[in-house]
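First the structure, in the form of structure tokens, and then the observations on it.
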Amino acid sequence: MCETCGCQGTTLMSANASVSTSPADTPPLVERVSDSLQNGIKVVIGSNRKSPRRLKSLLHGTVLGHPLHPAITDVPIGAWLLAALFDIIWLIFPVANLWAARGALAAVIVGLLGAVGAAVTGWPIGAIPTALSGEWASIMPCLM
């Protein structure tokens, strides 16, 4: 224990101070084991160093200077409107415009990929929704 403030940290002792090894000064076995386990887990998960925030910065758009989510939300909207237009063209002239059916399928796939991208960039990273805290409201737009 620290002699100056009473914390559990270590301090530098003077050169002529003796180190006592009485049983009252050593922590119990459970604390020593838990401290060593905590240090081992910190090394494994890398919490001893600053965590990389490149992915979070990219998804939130801080690299670009503005959020990325609003720009990506236009991709599925435009793709699905284009798919609806291609479907209408194909319904009017089904034999002559087979390209419209293929275009509609491609537009739907692009829209789905864009929707996944918009959901990933719009999701609050690190937030775990719980029913009690009311954070389920952030999930509802994704489910609709």
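Which order, highest average first, do 77-86, 30-39 follow once you tally other Cβ atoms within 10 Å for each residue and take the mean per peptide? All intermediate terms of the calculation are to be shown ahead of the outcome.
On the way: 77-86: 16.3, 30-39: 10.7.
Descending packing order for the listed peptides: 77-86, 30-39.
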> Among 88-96, 114-122, how do they line up from the highest to the lowest mean number of other beta-carbon atoms within 10 Å?
Replying inline: 114-122, 88-96
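Just so you know, all these numbers are worked out from the coordinates, no wet-lab data involved. Note that the structure is predicted; figures quoted are calculated from it, not measured. In this analysis, Cβ positions are derived from the backbone assuming ideal geometry, glycine residues included, and neighbour counts consider all displayed protein chains.
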